[in-house]
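So the structure is just underneath, and the comments pick up after that.
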Amino acid sequence: MIKVLFVCLGNICRSPLAEAILTQKVKERGLSKSIVVDSCGTSDFHIGELPDDRTLACAAKHQLNIQHRGRQILRSDFKGFDYLIAMDSSNLENVQKLAGKYKIMPKNLFLMSNFKNGIEFNDVPDPYYGGEEGFEEVYEILNASIDGLLQTLEKELVKNG
Ligand code: 4NP
């Protein structure tokens with residue numbers, strides 16, 4: 001079993017979309033029992049909220065099911081997940097600072113761009129203050145990178161038997 005946690009700032013735009021995309025791909029490949037997916041935010045801005053309306057519209061356009069309520073990263077997530085994947089370097093820093101506070105030396109922190117696959121980027125851009133086209137750009141970046149991530153996860157599943 002591999003557990004993946006996507007991390008952004010608010011947990012209402014990028015990371016819930018990433019969660020929905022990976023969940024769908026995992027389902028299509030019949031891997032739902034082997035790969036568990038969740039998302040969270042580094043901030044407490046939107047705890048308990050549904051994803052942003054523009055995230056929901058983008059998901060619906062791409063026939064993705066989103067069932068998520070905003071939550072903030074927890075201390076237990078550092079142990080509970082094998083991959084903590086931050087959407088951008090600012091949120092990776094937030095997660096690293098939190099680990100420092102808890103005196104944890106995590107080896108499972110990644111950037112989404114570590115798995116990039118066909119589309120060049122460093123940070124998944126924060127679409128919150130922009131228009132709908134920003135959400136479509138985020139979708140394209142995530143969809144390509146999550147194919148890259150899945151290649152890594154599938155190799156790991158084969159290696160682990
Ligand atoms: P996310 O986008 O981190 O991709 O969920 C944001 C959502 C909310 C805010 C910023 C970014 N905010 O400032 O409330």
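Which one of these does Asn143 not meet: (1) assigned to a loop (DSSP other than H, G, I, E, B); (2) more than 16 Å from Ile2 (Cα to Cα); (3) more than 14 Å from the ligand (Cβ to nearest atom)?
Against the list (1) assigned to a loop (DSSP other than H, G, I, E, B); (2) more than 16 Å from Ile2 (Cα to Cα); (3) more than 14 Å from the ligand (Cβ to nearest atom), Asn143 comes up short only on (1).
Name, by its number, the condition in (1) closer than 17 Å to Leu22 by Cβ; (2) without any contact (Cβ under 8 Å) to a residue 60 or more places away in the chain; (3) among the acidic types (Asp, Glu) that does not hold for Glu93.
Failing condition for Glu93: (1).
Among (1) surrounded by fewer than 24 Cβ atoms within 10 Å (Cβ to Cβ); (2) under 12 Å from the mean Cα position of the chain (by Cα); (3) closer than 19 Å to Lys107 by Cα, where does Ser39 come up short?
Going through (1) surrounded by fewer than 24 Cβ atoms within 10 Å (Cβ to Cβ); (2) under 12 Å from the mean Cα position of the chain (by Cα); (3) closer than 19 Å to Lys107 by Cα one by one, Ser39 breaks only (1).
Restricting attention to segment 6-28, does a residue exist that is within 16 Å of the ligand (Cβ to nearest atom), part of a loop (DSSP other than H, G, I, E, B), open to solvent by less than 10 Å² (accessible area, probe 1.4 Å) and on the phi > 0 side of the Ramachandran plot?
Yes.
Would it be correct to say that Phe121 is aromatic (Phe, Trp, Tyr) and in a loop (DSSP other than H, G, I, E, B)?
Yes; evaluated as a whole, the condition is true for this residue.
Within segment 113-140, track down each residue that is within 10 Å of the ligand (Cβ to nearest atom) and among the hydrophobic types (A, V, I, L, M, F, W, C).
Val124, Phe135, Val138
Picking from Phe135, Phe115, Phe121, which residue would you name as being of a type outside the set (Ser, Thr, Tyr) and under 27 Å from Ser34 (Cβ atoms)?
Values: Phe135 fails: under 27 Å from Ser34 (Cβ atoms); Phe121 fails: under 27 Å from Ser34 (Cβ atoms).
None of the other options fit; the residue is Phe115.
Is it the case that segment 135-154 has a residue that's over 23 Å from Val26 (Cβ atoms), of a type outside the set (Phe, Trp, Tyr) and modelled with pLDDT of 95 or more?
Quick first cut of segment 135-154, residues over 23 Å from Val26 (Cβ atoms) only: 137.
The next check asks that each one be of a type outside the set (Phe, Trp, Tyr); those that pass are 137.
Remaining after also requiring modelled with pLDDT of 95 or more: 137.
Taking every residue of segment 135-154 in turn, at least one turns out to be over 23 Å from Val26 (Cβ atoms), of a type outside the set (Phe, Trp, Tyr) and modelled with pLDDT of 95 or more.
Please find, within segment 64-101, the residue that is surrounded by the fewest Cβ atoms within 10 Å (Cβ to Cβ) out of those that are among the small types (Gly, Ala, Ser), outside any helix (DSSP H, G or I) and within 13 Å of the ligand (Cβ to nearest atom). Spell out the reasoning first.
Start the filter on segment 64-101 by keeping residues that are among the small types (Gly, Ala, Ser), which leaves 70, 76, 80, 86, 89-90, 99-100.
Still in the running and outside any helix (DSSP H, G or I): 70, 76, 86.
Next, from what is left, pick out any that are within 13 Å of the ligand (Cβ to nearest atom): 70, 86.
Values: Gly70: 22, Ala86: 29.
Filtering segment 64-101 for residues that are among the small types (Gly, Ala, Ser), outside any helix (DSSP H, G or I) and within 13 Å of the ligand (Cβ to nearest atom), the one surrounded by the fewest Cβ atoms within 10 Å (Cβ to Cβ) comes out as Gly70.
Condition test on Pro127, is it open to solvent by less than 50 Å² (accessible area, probe 1.4 Å) and farther than 24 Å from Lys3 by Cβ?
Answer is yes for this residue.
Let's see how each residue does on (1) within 13 Å of Phe6 (Cβ to Cβ); (2) among the β-branched types (Val, Ile, Thr):
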residue	(1), (2)
Phe78	no, no
Asn94	no, no
Asn114	yes, no
Thr152	no, yes
Leu157	no, no
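What is the number of the single condition among (1) at negative phi; (2) of a type outside the set (Asp, Glu); (3) at pLDDT 95 or above; (4) open to solvent by 70 Å² or more (accessible area, probe 1.4 Å) that Phe110 does not meet?
Phe110 satisfies all of (1) at negative phi; (2) of a type outside the set (Asp, Glu); (3) at pLDDT 95 or above; (4) open to solvent by 70 Å² or more (accessible area, probe 1.4 Å) except (4).
The values are calculated or read from the model by the stated rules, or taken from the named source; none is laboratory data. The model shown is predicted, which means the values in this text are computed figures rather than measured ones. All Cβ positions, even for glycine, are placed from backbone atoms using ideal geometry, and neighbour counts span all protein chains on display. Ligands, DNA and RNA are stripped out before the accessible areas are found, and what is left, the full protein with its side chains, is counted by its heavy atoms. Shrake-Rupley method; radii C 1.70, N 1.55, O 1.52, S 1.80 Å.
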